[in-house]
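Structure first, then comments.
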Amino acid sequence: MGQRSETMNASTRALPPGQQLAAADKWPTVGERLPRKDNAPWTLALSGLVEWPVTLSLFELEQLPQVERTIDIHCVTRWSKLGVRCGGVLLAELLTRARPSAAAKFASFVARSERSHSTSLPLDAALAMESLVALRVEDRPLSIERGGPVRLIVPGRYFYKSLKWLERIELLAEDRLGYWESTAGYHNQADPWREQRYLAGLSKSEARQILERRDLAGRELLGLHAAGLELPNLRATGAVLRNADFSQCRLRGARFERANLTNARLVGADLRDAKLTHADLEGVEFTSADLRGADLTGASLLAATFRSEPPGEGAAGARINRATRIDPAAVADLTPHQQAYVQARISNQGAA
Ligand SMILES: Nc1nc2c(c(=O)[nH]1)N[C@H]1C(S)=C(S)[C@@H](COP(=O)(O)O)O[C@H]1N2
Ligand SMILES: [Mo]
């Protein structure tokens with residue numbers, strides 16, 4: 001597997017487009033928090049198009065040649081962590097044990113998880129990137145919460161390709177889409193340098209038709225084009241609207257309670273008195289939006305943007321006043337620069 005991955009190059013210790021650095025002491029948990037309850041000892045099975053299917057115990061994994069790699073984590077919801085030291089067994093090393101057959105072109109990685117969470121990669125790409133079956137992070141055994149004892153680490157792809165609680169690797173002739181890739185529209189290539197976050201969603205005219213009734217409550221629509229539209233009092237309670245574009249939209253009084261607006265663009269949107277309580281607002285762009293009187297209580301704001309970074313560049317900051325409700329814990333999840341901006345505007349606000 002002679003090819004060196006691009007992530008081994010020091011010059012890539014930079015942020016891909018649209019990412020921001022998580023605070024140094026923060027490593028957010030995304031997706032499932034714990035593996036499936038199972039008292040059986042941990043094993044890793046290699047199956048599918050292999051000459052010798054094998055099942056390895058944790059002890060056997062630890063006896064294989066170990067490597068250390070310093071990798072960069074890029075979550076699709078826009079936070080990154082650079083230079084995380086991981087240790088374990090190279091996928092390539094493992095596969096020599098099972099002998100992939102010539103027909104094997106894809107690898108499906110399956111987790112010990114309640115929903116059999118999985119992800120997949122073309123086999124040659126997985127090997128070229130020096131994917132790692134990780135057992136350690138920062139020289140300690142991987143904790144259960146971090147995906148231990150055995151976690152896939154795929155350098156050079158958004159972190160949803162790094163499967164927690166890996167228990168089976170199946171080699172296939174055809175690809176088998178993973179959990180997020182098939183349920184959330186996450187891009188199957190997932191290259192952060194090309195911003196391959198999501199598949200294309202609805203067309204603009206389809207979006208307009210759907211928006212005519214101003215009722216999106218409970219709907220699931222990926223990449224909704226709604227920029228510039230008049231949508232006051234829009235109903236979108238509980239809607240799943242990842243990667244929607246609501247830039248410059250009139251959304252005064254809109255209802256987004258418990259909605260998933262991950263990575264949505266709300267640049268310049270009029271959100272006065274909008275209800276965003278308990279919404280998932282990770283990676284949302286609020287630059288120059290009007291949030292006066294908006295209620296963001298219980299919302300998660302990891303990697304959300306309220307003003308351009310670096311300061312002084314691009315659009316004006318979001319309008320936030322004392323009537324805007326944001327939990328202190330959500331403010332604490334923002335980057336220091338965003339935090340300072342939001343804090344200064346809501347500091348006189350009573351506890352939410
Ligand atoms: N088994 C399993 N693996 C998973 C997920 C999941 O929900 N279940 N989420 C993925 C996503 S979307 C991300 S960003 C990372 C998060 O890893 P962390 O919780 O250690 O930060 O795990 C990935 N691997
Ligand atoms: Mo993710």
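Would you mind stating whether GLU93 is farther than 21 Å from LEU281 by Cα, away from ligand 2 (no atom under 16 Å from the Cβ), acidic (Asp, Glu) and in contact (Cβ under 8 Å) with a residue 40 or more places away in the chain?
Working: farther than 21 Å from LEU281 by Cα: yes; away from ligand 2 (no atom under 16 Å from the Cβ): yes; acidic (Asp, Glu): yes; in contact (Cβ under 8 Å) with a residue 40 or more places away in the chain: no.
Against the criterion (farther than 21 Å from LEU281 by Cα, away from ligand 2 (no atom under 16 Å from the Cβ), acidic (Asp, Glu) and in contact (Cβ under 8 Å) with a residue 40 or more places away in the chain), GLU93 does not qualify.
Go through the stretch 33-78 residue by residue and tally those that are more than 20 Å from ALA107 (Cβ to Cβ), within 16 Å of ligand 2 (Cβ to nearest atom) and out of contact with any Phe, Trp or Tyr (no Cβ under 8 Å at 6 or more places or on another chain).
4
Looking only at the stretch 66-105, filter to residues that are polar (S, T, N, Q) and in a strand (DSSP E or B); which one of those is surrounded by the most Cβ atoms within 10 Å (Cβ to Cβ)?
Taking the stretch 66-105 and keeping what is polar (S, T, N, Q), we get 66, 70, 77, 80, 96, 101.
Going one step further and asking which of them are in a strand (DSSP E or B), we end up with 70, 80.
On the way: THR70: 14, SER80: 19.
My answer is SER80.
Of everything in the stretch 166-176, what is outside any loop (DSSP other than H, G, I, E, B) and either within 11 Å of ligand 2 (Cβ to nearest atom) or basic (Lys, Arg) (or both)? Give them in sequence order. Before the answer, list the steps.
At the first step, the residues of the stretch 166-176 found to be outside any loop (DSSP other than H, G, I, E, B) are 166-172.
The answer is ARG168, and nothing else.
Answer yes or no as to whether GLU257 is farther than 19 Å from THR77 by Cβ and surrounded by fewer than 20 Cβ atoms within 10 Å (Cβ to Cβ). Even if it seems obvious, please write down each step before you answer.
Values: farther than 19 Å from THR77 by Cβ: yes; surrounded by fewer than 20 Cβ atoms within 10 Å (Cβ to Cβ): no.
Considered against the rule, which asks whether it is farther than 19 Å from THR77 by Cβ and surrounded by fewer than 20 Cβ atoms within 10 Å (Cβ to Cβ), GLU257 comes out as no.
Which of the residues that make up the stretch 138-151 are closer than 15 Å to GLU62 by Cα and within 16 Å of ligand 2 (Cβ to nearest atom)? Give the steps one after another, and end with the answer.
So the first thing to find is which residues in the stretch 138-151 are closer than 15 Å to GLU62 by Cα, and the list is 139-142, 148-151.
Within the stretch 138-151, ARG151 is the sole residue that qualifies.
Is the stretch 96-114 home to any residue that is away from ligand 1 (no atom under 14 Å from the Cβ), farther than 24 Å from ALA14 by Cα and either under 18 Å from the mean Cα position of the chain (by Cα) or among the polar types (S, T, N, Q) (or both)?
yes
Of the numbered conditions (1) hydrophobic (A, V, I, L, M, F, W, C); (2) more than 30 Å from LEU142 (Cβ to Cβ); (3) surrounded by fewer than 23 Cβ atoms within 10 Å (Cβ to Cβ), LEU241 satisfies every one except a single condition; which is it?
Condition (3) is where LEU241 drops out.
Would you mind finding the one in ALA329, ALA315, ALA340, ALA303 that is among the aliphatic types (A, V, I, L, M) and at positive phi? Don't jump to the end; show me each part of the working.
On the way: ALA329 fails: at positive phi; ALA315 fails: at positive phi; ALA340 fails: at positive phi.
After ruling out the rest, the residue left standing is ALA303.
Name every residue in the stretch 197-229 that is more than 20 Å from VAL284 (Cα to Cα) and part of a helix (DSSP H, G or I), in order of residue number.
Filtering the stretch 197-229 down to residues more than 20 Å from VAL284 (Cα to Cα) leaves 203-206, 208-215.
Correct list: LYS204, SER205, GLU206, ARG208, GLN209, ILE210, LEU211.
Please go through the stretch 152-181 and give me each residue that is under 20 Å from the mean Cα position of the chain (by Cα), within 13 Å of ligand 1 (Cβ to nearest atom) and not aliphatic (A, V, I, L, M), ordered by number.
ARG157, TYR158, PHE159, TYR160, LYS161, SER162, LYS164, TRP165, GLY178, TYR179, TRP180, GLU181
Name the residues in the stretch 160-193 that are over 20 Å from LYS105 (Cα atoms), surrounded by fewer than 21 Cβ atoms within 10 Å (Cβ to Cβ) and modelled with pLDDT of 95 or more, would you?
TRP193, the sole residue that qualifies.
Being charged (D, E, K, R) and out of contact with any Leu (no Cβ under 8 Å at 6 or more places or on another chain) is the filter; apply it to the stretch 302-340 and report the residue that is nearest to HIS278 (Cα to Cα).
Restricting attention to the stretch 302-340, the residues satisfying the condition of being charged (D, E, K, R) are 307, 309, 313, 319, 322, 325, 327, 333.
Still in the list and also out of contact with any Leu (no Cβ under 8 Å at 6 or more places or on another chain): 307, 309, 313, 322.
Working: ARG307: 22, GLU309: 26, GLU313: 30, ARG322: 19 Å.
My answer is ARG322.
Among the residues of the stretch 177-196, is there at least one that is away from ligand 2 (no atom under 16 Å from the Cβ), in contact with a Gly (Cβ under 9 Å, 6 or more places away or on another chain) and in a loop (DSSP other than H, G, I, E, B)?
Within the stretch 177-196, the first condition is being away from ligand 2 (no atom under 16 Å from the Cβ), and the residues that meet it are 193-194.
Then keep just the ones that are in contact with a Gly (Cβ under 9 Å, 6 or more places away or on another chain); that gives 193.
Filter again for in a loop (DSSP other than H, G, I, E, B), leaving none.
Among the residues of the stretch 177-196, not one is away from ligand 2 (no atom under 16 Å from the Cβ), in contact with a Gly (Cβ under 9 Å, 6 or more places away or on another chain) and in a loop (DSSP other than H, G, I, E, B), which makes the answer no.
Pairs please, first residue from the stretch 147-165 and closer than 17 Å to SER113 by Cα and assigned to a loop (DSSP other than H, G, I, E, B), second anywhere and within 12 Å of ligand 2 (Cβ to nearest atom) and among the basic types (Lys, Arg), Cβ atoms under 9 Å, 6+ apart in sequence or on different chains.
Listed pairs, sorted by first residue: GLY147/LYS164; GLY148/LYS164.
Among the residues of the stretch 130-146, what is the count of those that are touching a residue at least 12 places away in the same chain (Cβ under 8 Å), out of contact with any Leu (no Cβ under 8 Å at 6 or more places or on another chain) and part of a loop (DSSP other than H, G, I, E, B)?
Just the residues of the stretch 130-146 that are touching a residue at least 12 places away in the same chain (Cβ under 8 Å), to begin with: 130-139, 144-146.
Narrowing further to those that are out of contact with any Leu (no Cβ under 8 Å at 6 or more places or on another chain): 137-139, 146.
With part of a loop (DSSP other than H, G, I, E, B) added as a condition, the list becomes 138-139.
Number of matching residues: 2.
Please give the number of the condition SER288 fails out of (1) closer than 22 Å to GLN20 by Cα; (2) surrounded by fewer than 19 Cβ atoms within 10 Å (Cβ to Cβ); (3) more than 24 Å from the chain's Cα centre (by Cα).
(2)
The values are calculated or read from the model by the stated rules, or taken from the named source; none is laboratory data. Because the structure is predicted, anything quoted here is derived from the model rather than measured. Note: ideal-geometry Cβ built from the backbone for every residue, glycine included; neighbour counts use all protein chains shown.
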